[in-house]
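So the structure is just underneath, and the comments pick up after that.
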There are 2 protein chains.
Amino acid sequence: MRRIGIGLIGFGTVGQGVARLLSANAEMIAARLGATVALQRIALRDPARARNPSVESLGVPVTTDWRDVVDDRDVRVVCEVIGGLDPARELMMAAIRNGKHVVTANKHLLAEHGDEIFSAADNAGVEVHFEAAVAGGLPIIRTIREGLVADRIDALWGIVNGTSNFILTRMEQAGTAFADVLREAQAAGYAEADPTLDIEGIDAAHKIALLASLAFATRIRPGQVFTRGVSIVEAADLAWAARFGFRVKHLAIAKDHGDAIEVRVHPTLIPREWLLASVSGVLNAVYIRSRALGPSLYYGHGAGGDATAVALLGDIIDACRSLLAFRHAPARPTEVAPRPVREMGDVECRYYLRLACSDQPGVLARVAGALAAHDISIAEVVQERAADGQATLVLLTHRARERNMQAARGEIDRFDVVSQPARLLRIEE
Amino acid sequence: MRRIGIGLIGFGTVGQGVARLLSANAEMIAARLGATVALQRIALRDPARARNPSVESLGVPVTTDWRDVVDDRDVRVVCEVIGGLDPARELMMAAIRNGKHVVTANKHLLAEHGDEIFSAADNAGVEVHFEAAVAGGLPIIRTIREGLVADRIDALWGIVNGTSNFILTRMEQAGTAFADVLREAQAAGYAEADPTLDIEGIDAAHKIALLASLAFATRIRPGQVFTRGVSIVEAADLAWAARFGFRVKHLAIAKDHGDAIEVRVHPTLIPREWLLASVSGVLNAVYIRSRALGPSLYYGHGAGGDATAVALLGDIIDACRSLLAFRHAPARPTEVAPRPVREMGDVECRYYLRLACSDQPGVLARVAGALAAHDISIAEVVQERAADGQATLVLLTHRARERNMQAARGEIDRFDVVSQPARLLRIEE
């Protein structure tokens, strides 16, 4: 039986997961593929770790220089799991130049430098696989590229950042403040020491840029994604949302309007009955609406060493199938036509607005007047007395344009009766 | 650009969906595949229909003899959508002998005659694709074969029959009797005039036989699947289930016990919080538990012309990719090792038992005694007075063995204080 050598660059949780699964399921994989898939060489950063018994027991040559992997003639597929932009970009370009198929979970790199990487791969006649880059082990890339290849996706909504979803779930369950839950998530290993990429929505923006590019056959860059993180949500917002029948989720949203693409990432009120509202903790889900199939949902673990390793291995085995067939799949998402991203000011949705204001006559009238002046109509409103002569005013609007909403909000924030800036969240239904 | 000819056999709702999507998305498909995919010849049963303007407008030669399609040299992929065993089996074997890849939604045929069809395809060096056979447009076959290729699936639970799920959803929402809802479903087009395959669980048994064969790399035949339909459920059971925090769903269940496979289809009580419990109406969902990825769920429309056509076209395009690469994927699920199916008597689960009995002292003691004598312990019990000196007794058991439960139930049914046979449903958590 033919043997195909895999080069693994990076040996953290995910890299170890790849090594472990490949070894544990070697027989099954060989039966399904018709060839043996084996680690050929591993590159890791820390030389001390290379002498670790758990690494030595693999019986695979280990190096601290990734060049040893991409230059190894017996390595046919390079699996990159170090993350970040550098040196991931350099090593991936080197692997491609050397004629190796590349498998990666690196959404950041592909979202920022996909153009360069995909065209290098096209020129070299090799494949770039990245199922693991979005929603970990969930086969969402495969679903869009293969399962729905003959359908047209109109819109997709994803809970694609486990850390953000864990934080919102805990804030809702325990009524705890954001900062406390973040500390808890860090202690539990669900959030990084520097959580910026997750809690500011940047990771989700990378992922939706990739998904939208694939789904709509165009090229969306992370910089084009309107991005807000869970850090803007207060526990009170979750309680208020519940009173109106909503739950707050950190959604990545992409819609095809034909002439333009709408793409944004922010905390969002969604109806409690929507399946996405039941996705709790670190779990991920992507909800797709396509013309022929209608709605479909894909749900599972989006992170973690083993879940990500499953996706990487699925891709590695795909690359091996191509090697066995002497063919290669196109490296990049088919770009049918470049299309503009709709300006956020032109995006329309419903809004949730929470105001702290003086408990005195005429406040609601002034707020409603400001909204009406910007063509925004109110769907529901609740006013409640708070302490110290203060009141809380919560409004849900009908559909309105973002530009109008921001203008109205600016005016409302300047009212003397309003004691702190309005809290604004968007609604999807 | 190269052109690949498709032969379509059958032109009902699904066949028309294939023709419509292929034409509407021709440009997008060509861009993604790098070749043109076009209908070459259509076979349909009714000669009158062949002269219908909607068929003539396709500009594709139409025949009433499927042999014209499988013998056409320019047909490279045959898509069979007539369903049933005959002549589907004969035409598929003929297409395979003629060296054509075959794409089908026919779970019945594959579940019964998969062995013959897959080995003929292996010998002829052609592929058999059947994504559309289970859960329509949901890419569940692809997920098991490709996405989870390096993982081990321990168990899967599916809502795979839209008719049954529609009936249970309506019975629950409206408190209506089974027979009334069935008539409603037939009027709405969600149930066939002869609904036996759906409401007796036979369609679900075909599907779980295919899924379990793939997931566990073995061969499960429909005859090995313990099968009960939604027809055994009464509205009262749904209400009782709700009181205990459960919902009743018609589940197809498969579990890998290592030495044996457990595979069964029946109405099942499941906890209301489980995502599967939120799958309503004609929608389908499959919940997979695998070792590395953990839980994952796939949800969407399992039937309907367009949803099924999306899956067929995904498969057709896969077959075209193989034609372009001069290679072929293995036709059959890899059978790593044949394994026995666990006898239903040896299966263990929790049970729901509803009894109509005389409202007199000692009834509960006798029932509890019969259960205890068969090693079945009671988890929850509610007794309620009904009319005419009768009482309703509902029990939930802890895990017990099916053989013991059936023996205990037989004894209880013979009690003089029990006025009608016990209603028994199984629980999954």
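The values are calculated or read from the model by the stated rules, or taken from the named source; none is laboratory data. These figures come from a predicted structure and were not determined experimentally. Cβ: placed from backbone, ideal geometry, glycine included. Neighbour counts: every protein chain shown. Note: accessible area is taken over every heavy atom of the protein model, side chains too, but ligands, DNA and RNA are not part of it. Shrake-Rupley method; radii C 1.70, N 1.55, O 1.52, S 1.80 Å.
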Please identify every one of the GluC sites (Glu not before Pro) in segment A:123-229 that sits in a loop by DSSP and has no more than 16 other beta carbons within 10 Å of its own beta carbon.
-> A:Glu192
The answer for B:Cys349, listing residues at least 5 apart or on another chain whose modeled amide H is closer than 5 Å to its amide H, is B:Ala400, B:Glu402
Pairwise FRET efficiency - B:Asp413 versus B:Ala260, Cβ, R0 = 35 Å, nearest 0.05 = 0.75
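Would you mind giving the mean number of other chain beta-carbons within 10 Å of the Cβ of each residue in B:136-142, as a whole number?
The per-residue average across the peptide is 5.
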Top of A:Ala133, A:Ala111, A:Ala368 by mean-square fluctuation, Gaussian network on chain A, Cα under 10 Å | A:Ala368
For B:Met28, the accessible surface traced by a 1.4 Å probe with all protein chains present amounts, in square angstrom to the nearest 10, to 20
As a check on your grasp of the helix formula, calculate [θ] at 222 nm for chain A: sum -39500 (n - 2.57) over DSSP H runs of n ≥ 4, divide by the residue count, round to the nearest 500.
-> -11000 deg cm²/dmol
In terms of modelled amide H atoms, which long-range or inter-chain residues lie less than 5 Å from the amide H of B:Gly201?
-> B:Val230
Long-range amide H partners of B:His250 with built H, under 5 Å = B:Thr268
On the accessible surface of the protein assembly as shown, probed at 1.4 Å with all protein chains in place, carbon and sulfur together account for a percent value of 47
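Which percentage, to the nearest 5, of the DSSP beta bridges contained in chain A is antiparallel?
70
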With θ set to phi - 60°, apply the Karplus curve 6.51 cos²θ - 1.76 cosθ + 1.60 along segment B:75-92 and write out the HN-Hα couplings as whole Hz, x wherever there is a Gly or Pro.
-> 7, 9, 10, 9, 10, 9, 9, 8, x, x, 8, 10, x, 4, 4, 4, 6, 5
Here the whole-number average of other chain Cβ atoms within 10 Å per Cβ of B:25-31 is 4
The answer for trypsin sites (Lys or Arg not before Pro) in segment A:113-179 that fall in a DSSP coil and have at most 13 neighbouring Cβ atoms within 10 Å is none
Taking a probe of 1.4 Å and counting only protein heavy atoms, give the total accessible area buried between chains B and A in Å², rounded to the nearest 100.
-> 4300
Across segment B:147-157, in residue order, what do the Karplus-derived ³J(HN,Hα) couplings come to in whole Hz, using 6.51 cos²θ - 1.76 cosθ + 1.60 with θ = phi - 60° and x for Gly and Pro?
-> x, 9, 4, 9, 10, 10, 7, 8, 7, 9, 10
In whole Hz, with x marking every Gly and Pro, tabulate ³J(HN,Hα) for segment B:353-370 from phi via Karplus 6.51 cos²θ - 1.76 cosθ + 1.60, θ = phi - 60°.
-> 10, 10, 10, 9, 9, 5, 8, 9, x, x, 5, 4, 4, 5, 4, 4, x, 4
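What number comes out for the charge environment of B:Pro47, summing +1 per Lys or Arg and -1 per Asp or Glu over other residues with Cβ under 14 Å away? Could the numbers behind the result be given before it?
Working: positive: B:Arg45, B:Arg49, B:Arg51; negative: B:Asp46, B:Glu56, B:Asp65, B:Asp68.
That sum, taken over residues with Cβ under 14 Å, equals -1.
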Largest first, what is the accessible-area ranking of A:Thr163, A:Thr227 with a 1.4 Å probe?
-> A:Thr227, A:Thr163
Gain in length, B:Gln406 to B:Gln360, computed as 0.36 nm per residue apart minus the alpha-carbon separation, to one decimal in nm?
-> 14.1 nm
